[in-house]
Amino acid sequence: MGHGFVLGGQWFLIVLVMLGAVPEVAASWQFLLVAGHFWRNDYDVCAPVFPRTAVLIPAWNEAAVIGASIDRLMSLEYPRDALRVYLVDDASTDETPQVAAAKEVQYPGSVIHLRREKGGQGKAHTLNHGLAVILGDEWMEALLITDADVIFQADSLRKMTRHLADPRVGAVTAYIKEGSRPGNYMTRFIGYEYITAQAARRGQNVLGATACLAGGAQLHTRANLLALGGRIDTTSLAEDTFTTFQTQLNGRRVVFEPHAIVWAEEPGSIIGLWKQRLRWARGNVQVTKRYRKLWFRPRRGHRLGSVTFGVFWFCLFLQPIFMIVSSFSLVTLYFASYAGAWRAFHILWITNAATYFFITAFALLIDPPIARHTWRQGMMFPGVVNLGIVMYTCVPPLFRDLAHGAFAASHFSPDHAWLTGGILFIYAWPAASMPAAYLAKVAEPHRFGRFLSPLVVYIVGYGSLLCACTFASYVKELRGAEMKWDKTEKTGKMVVPT
Amino acid sequence: MGQDGEDGEDGGPDVTIEAVKARPEVVFRQEITDAVRYEKGLFIKALVVLAVLAIMLVLRTLYFA
């Protein structure tokens, strides 16, 4: 009875350890769906349609970027008489009003400058100001919501509108690429991350359920906007995710068009990334709570309640929890059964190694031009320590020989305490990497942080940094912290291929 | 450069727009064909990556376990 209880406990711990691999396995599953996009796509119901499209740009202190963005919009391969740009200036204090006024003169009747005298309430309020004007007359048939820094490739809009030939489609989104050049280590990490994010959207196309329209490129039909009440949700930090969910709950489809390409400038520092991702992650907490009756409850009319979509959503949303539970269980198992812990550790990390190889190799092959710019960051995504563990679990004899050689050369012979400490460090690392990543953020503003913080990110991994952001979002939401709209600073450092 | 690869002499965007309007069906068909071909390529790339992964797992099991 006692032995059975202990054995059952050990198996329970092994299952908890394996939770650490669940998000990676789910991500691989999503990548496998990408391969299915060849069969399951929306191209057979597309047609060359050019609805009268209003482009809505919320702008607060965007003088550095807004002029170039408008120029690019005005040179889109799209009928000029079917395109209008509405710039909603959210009480900017820089040169944005002057730039907007100049563009109004340069493109008479095509660029409309709207100004809010009292701003700072957030993006959704700014969008609603423009929406009220645009929906006020019958001209607009489709609405493209974008950001002031986003640059559209010439053919991107018409590649999006071709999906509106299908009356079931309510919204379309595009492939957002990071465009900072030469950029730095952070923008390259983001550039690689965006390949994986767009791969996920391809997978969601196959699944028939989309988690989020890219905030910088969301095209809506007029009917869809009216069904949403003619306004964007202002009660959360993830207005684009709410819009995406509500569109699908209203029975309309959301489509990702991977061949419509737009470029955006993303944060070049940990602090900038932290602000942006904390906002997104808090928004995801709010979405998870708001739609709590939706998850894992399949319904007719949409696939948001499907088990697969729920697994994808919660694997991302709960990834820090999976990592903490897995590490804690592995350390506990070490004290209960050394051999059992060692076996569980190997299974966990061989699974992680296989998913890492599949996702990284496939992601780099999905978008070779971006991969050429970001492949180092793609390979270093899990961090040096995790990669070391992956290498060890894949080729243990090689590491054993290397370790013996190194110890012999340094005349150091690790005793039992050293080995125990090393093993426990490795077991606890997935959880410990998150506070370590947080330290990189704390160190960044200091003098030594300029050198130290990127080093720490490479050691702990960009993935752990994102998980730390997600964990911070739980804390903020549990505390009921103020919903502050921390805008990502744009400097106009993008170089877009022509 | 427009989809037809024929930017106007003056480089003005309207030239490209007119080209798209004049024969949207041709441009559209070609773009759809290209898109589907790209997606087929992704399927093949996924198969290649999976095959390499399978070989690595077999090698690891046989020689490095």
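Derivation of every value follows stated rules applied to the coordinates shown; laboratory data play no part. Note that the structure is a prediction, hence the values are computed from the model and not measured. So basically every Cβ, Gly included, is an ideal-geometry build from the backbone, and we count neighbours across all protein chains shown.
Would you mind checking the pairs A:293/A:441; A:293/B:40; A:293/A:484; A:177/B:40; A:118/A:289 and listing those with alpha carbons more than 29 angstrom apart? Over 29 Å Cα-Cα: A:293/A:441; A:293/B:40; A:118/A:289. For segment A:314-479, what class follows from the C-alpha gyration tensor (a ≥ b ≥ c being the square roots of its eigenvalues): rounded when a/c is under 1.5, otherwise prolate if a/b is larger than b/c, else oblate? Rounded, since a/c falls under 1.5. The helix-only estimate of mean residue ellipticity at 222 nm for chain A, built from DSSP H runs of length n ≥ 4 each weighted as -39500 (n - 2.57), is -19000 deg cm²/dmol after division by the residue total.
When the Cα positions of A:460, A:399, A:419 are compared along the charge dipole of segment A:314-479, A:460 comes out farthest toward the positive end, with charges on each C-beta of Lys, Arg, Asp and Glu.
Remark: A:31, B:64, A:451, A:328 ranked as A:451, B:64, A:328, A:31, counting other beta-carbon atoms within 10 Å and listing the fewest first.
Over the Cα atoms of the protein assembly as shown, the radius of gyration divided by the Kirkwood radius equals 1.00; this is the Rg/Rh ratio.
Does segment A:70-168 come out rounded, prolate or oblate, given a ≥ b ≥ c as the square roots of the eigenvalues of its C-alpha gyration tensor, rounded meaning a/c under 1.5 and, failing that, prolate meaning a/b above b/c? The shape class here is prolate.
Anisotropy class assigned to segment A:84-235 is oblate, per the alpha carbon gyration tensor with a/c at or over the 1.5 cut-off and a/b no larger than b/c. Working note: Karplus 6.51/-1.76/1.60 with θ = phi - 60° gives segment A:45-54 the couplings 10, 7, 7, x, 10, 10, x, 5, 10, 9 Hz, where Gly and Pro are set to x. Helix A:338-366 axis versus longest C-alpha principal axis of chain A: approximately 30°, rounded to the nearest ten. The angle between the Cα long axis of helix A:123-134 and the main principal axis of chain A comes to about 30°, on a 0 to 90 degree scale. Database remark: amide H of residue A:49 closer than 5 angstrom to the amide H of A:162 (H placed geometrically; neighbours at sequence offset of 5 or more, or on other chains; Pro and chain starts carry no H).
How tilted is helix A:185-207 with respect to the longest principal axis of chain A? Cα atoms for both, answer in degrees (0 to 90, nearest 10). It works out to around 80 degrees. Taking amide H as placed 1.01 Å from N in the peptide plane, the amide H of residue A:213 sits under 5 Å from that of A:244, each at least 5 places away or on another chain. Close amide-amide hydrogen proximity is noted between residue A:107 and no other residue 5 or more places distant or on a separate chain, at a cut-off under 5 Å (H modeled in the peptide plane; Pro and chain starts excluded).
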